[in-house]
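Here is the structure we will look at.
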Amino acid sequence: MSVETKLEFDQEYVRKFSQDRQEPEWLLNLRLKALDAASELPMPKPEKTKIDKWNFNSYKHDVSAQEIKSLDELPEDIKSLVGKDEQAGNLVVHRNTTLAFKQLSDDLREKGVIFTDILTASKEYSDLLEKYFMTEGVKIDEHRLTALHAALMNGGTFLYVPKNVDVEVPLQALYWQEDAEAGLFNHVIIVAEDNSRVTYVENYFSTGDDKESVANIIAEVFVGQNAKVSYGSVDNFAKGVTTFISRRSRVSRDGRIEWSLGQMNDGNTISDNITHLDGNGSTAETKTVTVGRGDQKQNFVNRVFHHGQNSESNLLVHGVMKDSASSIFNGITKIEHGAKKAFGDQTQRVLMMSEKARGDANPILLIDEDDVMAGHAASVGKVDQLQLFYMMSRGISRAEAERLIIHGFLAPVVNDLPIEGVQKRATEVIERKVR
Amino acid sequence: MSASNLKIENLHVSIEGKEIIKGLDLEINGGEIHAVMGPNGTGKSTLASAIMGHPKYEITEGTVTIDGKDLLEMEVDERAKAGLFLAMQYPSEVSGVTNADFLRTSINARREEGDEISLMKFIKKMDEKMAALGMGEEFSQRYLNEGFSGGEKKRNEILQLMMLEPKIAILDEIDSGLDIDALKVVSQGVNSMRSPEFGCLIITHYQRLLNYITPDKVHVIMQGRIVKSGGAELAQRLEAEGYDWIKEELGIEDETVGQEA
């Protein structure tokens, strides 16, 4: 394959960007190395989705935005995402890639919890960040987009929970792309040390129009022994935004990761969600919902690697495709040799609402160990005309019947999302998309 | 309030190019209960589904009006809003949509925006009707027909009938698969609807139901058209003697559609 090697950003630009932000030497070097790599590496090749015509080049990188002094300055629809009462206390808000507001309760601060933007983390917790930043999770040289991400990272959040600390309230991050052309290279790192517990909830959204831009997002989650991380997200970028998003977790012995993802972008999207169940007895629960509309194309991969014995994974994916939207859903359960007594189960269901909508669900089990249990179910189908007839025969319009069917189809996942805020937000976004 | 009226004239219905109903006339007024009886395969259910607007049936000829308005010009939901109701033989299951949400949406679809039924009023009415039908409270929060037994689905159809209060209801084999107790409950539900504004067409091939709901008129359908009409006594004679005497009388050998001489 021939690779377009010209990049819009050169060494000089990256060096200046890093130095302006007074980043530590290791990060600057990492960026420069990544930039070199980016020019050599091929683009990712999502299965069954052609991305060669997608926009990955047109965006503004160095965007500044004003801080906000209080949450009252946020637009109403965004403010409504902020939790109430004690849940509102722990929050990081990014506006156009840049930190605009942050708040962490004294209680959590005293317990040693770090919850801050990634730029601050690079200065104040440099060693800690260096240990986790694109080392054991996502690698810089996986393909061109991971390398570009490292070179151009311009926002993100660092969350660190020390040993034995139980964070009872969800910590919340809002990534608000107010400038429709601002490219977001966001990096999230969550470290939950042994026996800790934390819930992290993020919302991505871009206000603005169909102007072209790019979101290149990486999240790395490290779950310590017997720790639990619940990770909720509602992605909701506008139509003009091409999104590459890679979320990855490594889970130690008896640790648990719960992914609750509302994947609600309106633009073309590649989503790559990977969990490594490294430790014995580690578990992963992944639940995702998607509504595709317009002519967007999306590719969702959910992958679980079982390395540890008695590790357990469950994956539940429901997607609705409207209009002429098309999506590929690949679920991959890989059980490595030696992962005895591992259990992996996956279910992917796709409902198509129109003749032109396309959905494809591919369940893949790769098993290199004899003593395991694994199962999969997948279905792709068109909306049932008899269901529509039945509902309409009670006076309900076709549009309203479709709305009810879509909510109903997604309900088993939405109602089961373990984080209330994500559940509510996902329902709202679904409602907006199906109306 | 205008008197309820459903008028079917010279109706012809095809499915996948095959004609099933072949020139059927029937008129139902408010206050009347009609029964359409007939052996299997004579076009009874086709009649019910076609009038409601089932996507698989094509009406090739004839007219159907409700209160003088052309029913066949209307979308399915518009037919319902015009006052038509069909209790289906095989109601669909809709996962993730509760019975209560479905019914409330149906009721509000008939009302103007801003004039939606209050939640309190709705719950009260639903509780009352469910109690009358011997349905447990849990049915309001169960997903629409999902995992319901055959009898539960039939009760649920009658619940919807009682909640929506249509002008004209067609009950398509509402009695099949019901035990005698359930049959009584369902019949009571239908009888409670009786009023000068309510007309009803009961489609059945068992006379049994008509012991509990006395029809004003009974029609026998064979080969896609009504071949004999009478009063309640006609149903009793059919129960006692079967259909053969009608076939003999009319010189029909095979009563199913497509077998006419």
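So, residue A:3, is that one modelled with pLDDT under 90 and within 30 Å of residue A:360 (Cα to Cα) or not?
Spelling it out, residue A:3 is indeed modelled with pLDDT under 90 and within 30 Å of residue A:360 (Cα to Cα).
I want to confirm something. Restricting to the stretch A:160-173 and keeping residues that are under 28 Å from residue A:65 (Cα atoms) and crowded, with 23+ Cβ neighbours inside 10 Å, which single residue is nearest to the chain's Cα centre (by Cα)?
A:173
Here is a list of conditions, (1) touching a helix residue (DSSP H, G or I) at 6+ places or on another chain (Cβ under 6 Å); (2) facing another protein chain (nearest Cβ under 9 Å); (3) crowded, with 17+ Cβ neighbours inside 10 Å, and residue B:88 meets all of them except one; can you say which number that is?
It fails just one condition, (1).
Yes/no per residue for (1) farther than 22 Å from residue B:144 by Cα; (2) at pLDDT 95 or above; (3) not aromatic (Phe, Trp, Tyr):
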| site | (1), (2), (3) |
| --- | --- |
| A:336 | yes, yes, yes |
| A:345 | yes, yes, yes |
| A:374 | yes, yes, yes |
| A:397 | no, yes, yes |
| A:401 | no, yes, yes |
| A:408 | no, no, yes |
| A:422 | yes, no, yes |
| A:428 | yes, no, yes |
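Got a sec? Which of A:125, A:160 is free of Cβ contacts under 8 Å to residues at least 60 places away in the same chain, closer than 27 Å to residue A:30 by Cβ and touching a helix residue (DSSP H, G or I) at 6+ places or on another chain (Cβ under 8 Å)?
Exactly one of A:125, A:160 is free of Cβ contacts under 8 Å to residues at least 60 places away in the same chain, closer than 27 Å to residue A:30 by Cβ and touching a helix residue (DSSP H, G or I) at 6+ places or on another chain (Cβ under 8 Å), namely A:160.
Tell me whether the stretch A:73-90 contains one or more residues that are in a strand (DSSP E or B) and surrounded by fewer than 17 Cβ atoms within 10 Å (Cβ to Cβ).
Within the stretch A:73-90, the subset in a strand (DSSP E or B) is none.
Among the residues of the stretch A:73-90, not one is in a strand (DSSP E or B) and surrounded by fewer than 17 Cβ atoms within 10 Å (Cβ to Cβ), which makes the answer no.
Quick check, is residue B:49 closer than 26 Å to residue B:184 by Cβ, more than 8 Å from chain A (Cβ to nearest Cβ), small (Gly, Ala, Ser) and crowded, with 18+ Cβ neighbours inside 10 Å?
Working: closer than 26 Å to residue B:184 by Cβ: no; more than 8 Å from chain A (Cβ to nearest Cβ): yes; small (Gly, Ala, Ser): yes; crowded, with 18+ Cβ neighbours inside 10 Å: yes.
Criteria not met by residue B:49.
Can you tell me which residues in the stretch B:129-151 are of a type outside the set (Ser, Thr, Tyr), farther than 19 Å from residue A:407 by Cα and surrounded by fewer than 18 Cβ atoms within 10 Å (Cβ to Cβ)?
Matches in the stretch B:129-151: B:131, B:132, B:134, B:136, B:137, B:138, B:150, B:151.
Determine if the stretch A:337-354 includes at least one residue that is of a type outside the set (Val, Ile, Thr), within 14 Å of chain B (Cβ to nearest Cβ), surrounded by 18 or more Cβ atoms within 10 Å (Cβ to Cβ) and in contact with a helix residue (DSSP H, G or I) (Cβ under 6 Å, 6 or more places away or on another chain).
Yes, the conditions are met somewhere in the stretch A:337-354.
(1) surrounded by 18 or more Cβ atoms within 10 Å (Cβ to Cβ); (2) among the basic types (Lys, Arg); (3) over 25 Å from residue A:81 (Cβ atoms); (4) more than 11 Å from chain B (Cβ to nearest Cβ): which one isn't true of residue A:394, the others all being true?
Result: residue A:394 fails condition (4) only.
Give me a count of the residues in the stretch A:384-411 that are closer than 25 Å to residue B:171 by Cβ and of a type in the set (Val, Ile, Thr).
1
Working only within the stretch B:97-132, note down all residues that are within 14 Å of another protein chain (Cβ to nearest Cβ) and outside any helix (DSSP H, G or I).
B:97, B:98, B:110, B:111, B:112, B:113, B:116, B:117
Only one of (1) modelled with pLDDT under 95; (2) under 15 Å from residue A:258 (Cβ atoms); (3) among the aliphatic types (A, V, I, L, M) fails for residue A:190. Which number is that?
The one condition residue A:190 does not meet is (1).
Is it the case, given these coordinates, that residue A:386 is surrounded by 21 or more Cβ atoms within 10 Å (Cβ to Cβ) and either among the aromatic types (Phe, Trp, Tyr) or within 14 Å of another protein chain (Cβ to nearest Cβ) (or both)? Give the steps one after another, and end with the answer.
Values: surrounded by 21 or more Cβ atoms within 10 Å (Cβ to Cβ): no; either among the aromatic types (Phe, Trp, Tyr) or within 14 Å of another protein chain (Cβ to nearest Cβ) (or both): yes.
When the stated conditions are applied, residue A:386 does not pass them.
Within the stretch A:357-380, can one find any residue that is within 14 Å of another protein chain (Cβ to nearest Cβ) and within 19 Å of residue B:91 (Cβ to Cβ)? Walk me through how you get there before you give the answer.
Step one: filter the stretch A:357-380 for residues within 14 Å of another protein chain (Cβ to nearest Cβ), giving A:379.
Still in the running and within 19 Å of residue B:91 (Cβ to Cβ): none.
Within the stretch A:357-380, none of the residues are within 14 Å of another protein chain (Cβ to nearest Cβ) and within 19 Å of residue B:91 (Cβ to Cβ).
Taking residue B:109, is it without any contact (Cβ under 8 Å) to a residue 12 or more places away in the chain and either in contact with a Gly (Cβ under 6 Å, 6 or more places away or on another chain) or over 25 Å from residue A:383 (Cβ atoms) (or both)? Give the steps one after another, and end with the answer.
Details: without any contact (Cβ under 8 Å) to a residue 12 or more places away in the chain: no; either in contact with a Gly (Cβ under 6 Å, 6 or more places away or on another chain) or over 25 Å from residue A:383 (Cβ atoms) (or both): yes.
So residue B:109 does not fit the description; no.
Assuming residue B:81 fulfils every condition listed in (1) away from chain A (no Cβ under 11 Å); (2) of a type in the set (Lys, Arg); (3) within 18 Å of the chain's Cα centre (by Cα) apart from one, which condition is it?
Condition (1) is where residue B:81 drops out.
Taking the stretch B:32-84 only, how many residues are aliphatic (A, V, I, L, M) and part of a loop (DSSP other than H, G, I, E, B)?
Of the residues in the stretch B:32-84, 2 are aliphatic (A, V, I, L, M) and part of a loop (DSSP other than H, G, I, E, B).
Quick check on the stretch B:55-64: of everything there that is in contact with a helix residue (DSSP H, G or I) (Cβ under 6 Å, 6 or more places away or on another chain) and more than 12 Å from residue B:10 (Cβ to Cβ), which residue is farthest from the other protein chains (Cβ to nearest Cβ)?
Only one residue fits best here, namely B:57.
Among the strands (runs of 3 or more DSSP E) contained in the stretch A:181-268, which hold 3 or more residues that are among the hydroxyl-bearing types (Ser, Thr, Tyr) and on the phi < 0 side of the Ramachandran plot?
A:197-206, A:228-236, A:241-251
Going by the conditions given, is residue B:95 touching a Phe, Trp or Tyr at 6+ places or on another chain (Cβ under 7 Å) and over 26 Å from residue B:31 (Cα atoms)?
Working: touching a Phe, Trp or Tyr at 6+ places or on another chain (Cβ under 7 Å): yes; over 26 Å from residue B:31 (Cα atoms): yes.
Yes.
What helices (runs of 4 or more DSSP H), lying completely within the stretch B:160-261, carry at least 2 residues that are under 26 Å from residue B:84 (Cα atoms) and touching a strand residue (DSSP E or B) at 6+ places or on another chain (Cβ under 9 Å)?
Output list reads B:180-193, B:232-241.
Of (1) modelled with pLDDT of 90 or more; (2) at the interface with chain B (Cβ under 8 Å from one of its Cβ atoms); (3) closer than 14 Å to residue A:320 by Cα, residue A:412 satisfies all except one. Which?
It is condition (1) that residue A:412 fails.
Just need a number here: residues in the stretch B:139-180 that are within 14 Å of chain A (Cβ to nearest Cβ) and at positive phi.
Going through the stretch B:139-180 one residue at a time, the tally reaches 3.
What is the number of the single condition among (1) exposed (fewer than 15 other Cβ atoms within 10 Å of the Cβ); (2) of a type outside the set (Ser, Thr, Tyr); (3) outside any loop (DSSP other than H, G, I, E, B) that residue A:94 does not meet?
Single failed check for residue A:94: (1).
May I ask you to list the residues in the stretch B:65-78 that are buried (at least 23 other Cβ atoms within 10 Å of the Cβ) and away from chain A (no Cβ under 11 Å)?
B:71, the sole residue that qualifies.
Please verify whether the stretch A:191-209 includes one or more residues that are out of contact with any Gly (no Cβ under 9 Å at 6 or more places or on another chain), in the same structural domain as residue A:231 (by TED's automatic domain parsing) and more than 28 Å from residue A:255 (Cβ to Cβ).
Looking through the stretch A:191-209, at least one residue is out of contact with any Gly (no Cβ under 9 Å at 6 or more places or on another chain), in the same structural domain as residue A:231 (by TED's automatic domain parsing) and more than 28 Å from residue A:255 (Cβ to Cβ).
The values are calculated or read from the model by the stated rules, or taken from the named source; none is laboratory data. Since this is a predicted model, take the numbers as computed values, not measurements. With ideal geometry, Cβ positions are generated from the backbone for all residues, glycine too; neighbour counts draw on all protein chains shown.
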